[in-house]
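To start, the structure itself, in structure tokens.
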Amino acid sequence: MTATLDISTLDVSYGDSVQALSGISLMVPEGGFTVLLGANGAGKSTVLKAASGILPFENGRISRGTIRFFGEDIAGVPSHQLAQRGLLHVREGRHVFPAMTVEENLAAATFALSGRKRRASRDFDDVYAWFPQLKPRRTTPAGFLSGGEQQMLAIGRALVGAPRLLLVDEASLGLAPLVARDIFAILGRINRESGLAILVVEQNVTLALRHGSYGYVLENGAITLEGPTATLMDREAISSRYLGTA
Ligand code: ATP
């Protein structure tokens, strides 16, 4: 099976003293929906930042290991080039431009990702098809959207870039449970219906295991558990650590 993303024995550190990841290996197969779980500070975001090339902006560096995107070693490739090659990272905190409308946000992403100016709003029909509630809001400044709508827009901005792999950091953070559930359901549909490979980092274990197909658990920068999500859901270990139900 081809891997969209194949991370092998990766060590990452920040500055001189913080070792954030120690020898982690993980894989996102083509068409896979992989979830990365773990407590605060476990190193989840660092995995995504290493893969999407934004570590250097945070004084982080890869000191060992390889990261391959469709078989190609991408360590050291700048993030904008990776984005143009279809490796899109939806960062934690819903990075949208608040003063720009929904459609202007999508247009800016189209331009950044493809160098192509927006032609017409039909360019964004795919995004509106996945997230219908954005369509009536298309002339609204993004700053006036609800948290859930902003998260949808942040994902929509990645979708206009013809992604081959979508990295999503904490999509549910700060959202009402029903809204978080909707967003995960849509990510699940995008994965199933378009075949787009997805890697999500998530603290909401129940949501992530329900929608993902394979999961990894990260603790203190190391992977301590992995398996098909259906198996992980049954594991006492994951229940006691993350659901408080053991
Ligand atoms: P959270 O859910 O809180 O985002 P996380 O699992 O995503 O947690 P990371 O953000 O990857 O964890 O952080 C892993 C470790 O690296 C933590 O100890 C964190 O304090 C440290 N760290 C993260 N970013 C930096 C940075 N820019 N400089 C120094 N240390 C950092």
Checklist entry - In deg cm²/dmol, rounded to 500, what helix-only [θ] at 222 nm does the chain give when every DSSP H run of at least 4 residues adds -39500 (n - 2.57) and the total is split over its residues? => result -9000 deg cm²/dmol
Checklist entry - Which residue fluctuates the most in the chain, going by a Gaussian network model with Cα springs under 10 Å, if the choices are Pro29, Pro177, Pro163? => result Pro177
Checklist entry - Using a simple charge model, +1 on the beta-carbon of Lys and Arg, -1 on the beta-carbon of Asp and Glu, nothing else, what dipole does the chain show about its Cα centre, in debye to the nearest 20? => result 700 debye
Checklist outcome for this item: Out of Leu10, Gly86, Leu167 - ranked by how far each Cα lies towards the positive end of the dipole of the chain, with unit charges on the beta-carbon of charged residues - the top one is Gly86
Checklist entry - For the range 97-197, what is the largest minus smallest coordinate of the Cα atoms on each principal axis, given in angstrom and ordered from greatest to least? => result 35, 31, 21
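Let me know the whole percent of all Cα-Cα pairs from the chain that are separated by more than 35 Å.
Working: 3433 of 30135 pairs.
When every Cα pair of the chain is considered, 11 percent fall beyond 35 Å.
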Item to check | Acute angle (nearest 10 degrees) that the helix 102-114 long axis makes with the longest principal axis of the chain, alpha-carbon atoms | outcome: 60 degrees
Item to check | Simple Cβ-charge dipole of the range 157-222, Lys/Arg +1 and Asp/Glu -1, about Cα centre, in debye nearest 20 | outcome: 260 debye
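Coordinate-derived values only; no laboratory data. The shown structure was predicted, so the numbers you read here are calculated from the model rather than taken from an experiment. Heads up, the Cβs are rebuilt from the backbone with ideal geometry, glycines too, and the neighbour counts pull from every protein chain shown.
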